[in-house]
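The values are calculated or read from the model by the stated rules, or taken from the named source; none is laboratory data. Because the structure is predicted, anything quoted here is derived from the model rather than measured. All Cβ positions, glycine included, derive from the backbone under ideal geometry; neighbour counts span all protein chains shown.
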Amino acid sequence: MVYTDTIAAIATALSSSGIGIIRISGSDAVAVAERMFEPAVAGKRLSEQKTYTIHYGYIRDGEERIDEVLLLLMRGPHSYTAEDTVEIDCHGGVLVMKRILELAVKCGARLAEPGEFTKRAFLNGRIDLSQAEAVMDLIRAKTDLSMKSALMQSSGYLSRHINKLREYMLNVMALVEFAVDFTEDDEEIDPSIPKNVEKSLKSGIEEMEVLLKGADAGKIIREGLSLAIVGKPNVGKSSLLNALLREKRAIVTDIAGTTRDIIEEYINLDGVPVKIIDTAGIRETEDVVEKIGVERSREKLEEADLILLVMDSSREISEEDKEIIEQVKGKKTVLILNKIDLEQKLDEKYIKDFENIIRISAKEEIGLDELKQNIKDLFFSGAIETESLIISNSRHKQALIRALENAEEALVRVQRNEYLDLISIYVMSSLKALNEITGNELEEDLVNKIFGDFCVGK
C-alpha cells in the first residue's frame, strides 16, 4: 500500500528533556523538511542529499529562527515506515517541539494518528502485525524478561513459527486440491494423499501445542502477574506489602480496618512484573466506607492470578479466618502464616488442605525470599523457557487456539476417511486464524483498534 500524504508527530515524550524528536514520513517528507530547514553551511539542497545522512542547521519560520537542530534523512524503502522519512533532533523543550510540529503541518504535513508510523510500516510490508504489536510491547516493557519477549517478536521470532505452521496447512490444502482436481469420479484417491495430509496435520498440531504451552507464562511476562493479598483485618497484609516493596507504601497500625481502599503497586520479581494488590481486610462491618472496601476486596480476589492469604499465626483461628478460607477454595493460593517471631497459637488442623504454606515475619522480613521463590515456581516451575516468551499476546493466543481446534477437527475427519474437500473447510479456518496473527487476513477495524493503542509518535 502506498500513501500519498505526509504525516508528522512528536516522537519523544512531551516533557522537558535534553533532546526532542519530530518525525516526518511520507512521499513529501523531504520537501516538507526542506521548506523549514536552513543548513548551517550552504551547499546541496536537502532533496539532493543522500539517504542515511545527518545535517546540521536551523529550523526557521520565515525570518524567525526557532531552534538549532540535527536533521536525519532516511529515504524509503529503507526506513522505519518504508517511506521517505525525516527526523528532526531539537532541544527537548515542550514549546520548541510544538512550534516545530506546527511548522511541519504548515509546510504540508498532517498530524499523525496514534500508531500511524508503525501502521504504515505494517501496511507497506516492512513488518507483519505481530512485529508491529511487539514495538508497543517494547515501549511498555517493565522488566528485562518482558523486554526480551518484545525483542524476540519484533525481530520476527513469532512470525517464523507462524509461517512454518502456515506451510503445514498450505501443504494440506495443496494435497487436497490435487486429490479433488486430478481424480476422476470413478477413481479411488491415491492412498498416499490422506496419509500425507494426516502427517502434515499432526506436525502442525504438535508445534501449535508447544507454542500454546508457554502462552500463559508469556502473557504474565508481558502483562504482569496479578497478586492479591487478602485476609481479615490486622493480620499483617500491609506490612507484607511494605516488605515486598521495601518501602512504607501502606499505613500499618494496630487498629483493625485501617486499610479502607485497594492499594496497587508493581514489583520486579526476577524479571516478572508483579502487580501486588493490598486489599481491605475481609470482615463483616457496619462502617459504610469500610464495607465498600471489603466488597472491592472480594472482587479483586476473583480477578487475581494468585492469592496470598495472610493469617496471624500468633492468634487462634477465628470464624472470619474460616470464612475467607472457604472463599479461596479452588483458587491458586499461597497461605502465609505471618508473625512467626511471636508465640505460635494457630491450630494447623484448619489449614491442612493448603498445598503451599509459607511461614514469615513481615515485620522482621523473615521468609520473604522463600515466598518470592514459591510464587515463581507456581507459574514457571522454577524456570522460564524460551517458548514462554513467544506467545505473550492474548490476541495471538486466541487465534492460535482457533487454529489448533480446526486442525484437530480436520485430523479427526481424515482419520475417519471423510471426503478431503470437506476437510479442507477446517484446514482453511485454521489457516485463516494463523494469518490473523501476522496480519495476512485481518479486518480493517481491528487493525485500526490495534494501532489506536499506540502512542502518537510511534
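Taking the numbered list (1) crowded, with 19+ Cβ neighbours inside 10 Å; (2) touching an Asp or Glu at 6+ places or on another chain (Cβ under 6 Å) in turn, TYR58 passes all entries but (1). Is there a residue being outside any helix (DSSP H, G or I) and modelled with pLDDT under 95 anywhere in segment 156-167? Within segment 156-167 (the criterion being outside any helix (DSSP H, G or I) and modelled with pLDDT under 95), the answer is yes, since at least one residue qualifies.
VAL176 meets the stated requirement of being within 17 Å of ILE423 (Cβ to Cβ), assigned to a helix (DSSP H, G or I) and at pLDDT 75 or above. For segment 415-423, the count of residues that are in contact (Cβ under 8 Å) with a residue 24 or more places away in the chain, of a type in the set (Asp, Glu), surrounded by fewer than 21 Cβ atoms within 10 Å (Cβ to Cβ) and under 21 Å from PHE178 (Cα atoms) is at least one. Going by what's in this entry, would VAL135 be described as of a type outside the set (Lys, Arg) and at pLDDT 95 or above? Here the answer is no, as VAL135 does not meet what is asked. The residues on offer are THR12, THR4, and the sole one that is closer than 12 Å to GLU87 by Cα, in contact with a Gly (Cβ under 9 Å, 6 or more places away or on another chain) and outside any strand (DSSP E or B) is THR12.
Here LYS148 does not fit the description of being part of a helix (DSSP H, G or I) and at pLDDT 85 or above.
Scan segment 68-105 for residues that are without any contact (Cβ under 8 Å) to a residue 60 or more places away in the chain and either surrounded by 20 or more Cβ atoms within 10 Å (Cβ to Cβ) or closer than 29 Å to PHE122 by Cα (or both) and the total you get is 16. Of note, LYS458 does not satisfy the criterion of being part of a helix (DSSP H, G or I) and surrounded by 15 or more Cβ atoms within 10 Å (Cβ to Cβ). Only residues that are farther than 21 Å from ALA11 by Cα and aliphatic (A, V, I, L, M): list them for segment 38-73, please. ALA40, VAL41, ALA42, LEU46 - these are the residues of segment 38-73 that are farther than 21 Å from ALA11 by Cα and aliphatic (A, V, I, L, M). Might you check whether a residue that is of a type in the set (Val, Ile, Thr) and modelled with pLDDT under 85 occurs anywhere in segment 427-444? No. Can ARG23 be described as basic (Lys, Arg) and within 19 Å of VAL135 (Cβ to Cβ)? Yes, satisfied. Applying a threshold of 6 Å to beta carbon distances and a minimum spacing of six or more residues, or different chains, the list of pairs starting in segment 34-50 at a residue that is assigned by TED's automatic domain parsing to the domain that holds VAL69 and ending at one that is assigned to a loop (DSSP other than H, G, I, E, B) and surrounded by 11 or more Cβ atoms within 10 Å (Cβ to Cβ) reads ARG35/CYS107; MET36/CYS107.
None of ARG140, ARG126, ARG110, ARG160 is within 26 Å of ILE22 (Cβ to Cβ), surrounded by fewer than 17 Cβ atoms within 10 Å (Cβ to Cβ) and without any contact (Cβ under 8 Å) to a residue 60 or more places away in the chain except ARG140. With respect to VAL2, determine if the residue is of a type in the set (A, V, I, L, M, F, W, C), closer than 29 Å to ILE127 by Cβ and modelled with pLDDT of 95 or more. Criteria not met by VAL2. Would you confirm whether any residue within segment 255-271 is modelled with pLDDT under 70 and farther than 28 Å from GLU319 by Cα? Checked segment 255-271: at least one residue is modelled with pLDDT under 70 and farther than 28 Å from GLU319 by Cα.
Exactly one residue out of GLU303, GLU343, GLU290 is assigned by TED's automatic domain parsing to the domain that holds ASN242, charged (D, E, K, R) and at pLDDT 85 or above: that is GLU343. Quick one: would you say LEU14 is modelled with pLDDT under 95, aliphatic (A, V, I, L, M), surrounded by 13 or more Cβ atoms within 10 Å (Cβ to Cβ) and touching a helix residue (DSSP H, G or I) at 6+ places or on another chain (Cβ under 7 Å)? Yes: the conditions hold for LEU14.
Conditions tested, residue by residue: (1) under 31 Å from the mean Cα position of the chain (by Cα); (2) modelled with pLDDT under 95; (3) of a type in the set (A, V, I, L, M).
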position: SER25; (1), (2), (3): yes, no, no
position: ALA31; (1), (2), (3): no, no, yes
position: ARG35; (1), (2), (3): no, no, no
position: GLY43; (1), (2), (3): no, yes, no
position: TYR56; (1), (2), (3): no, no, no
position: ASP67; (1), (2), (3): no, no, no
position: ASP84; (1), (2), (3): yes, no, no
position: LEU101; (1), (2), (3): yes, no, yes
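For segment 424-455, the tally of residues that are surrounded by 15 or more Cβ atoms within 10 Å (Cβ to Cβ) and over 23 Å from ASP128 (Cβ atoms) stands at 2. Residues in segment 303-337 that are within 16 Å of LEU225 (Cβ to Cβ) and among the acidic types (Asp, Glu) were compared, and the one that is surrounded by the most Cβ atoms within 10 Å (Cβ to Cβ) is ASP305.
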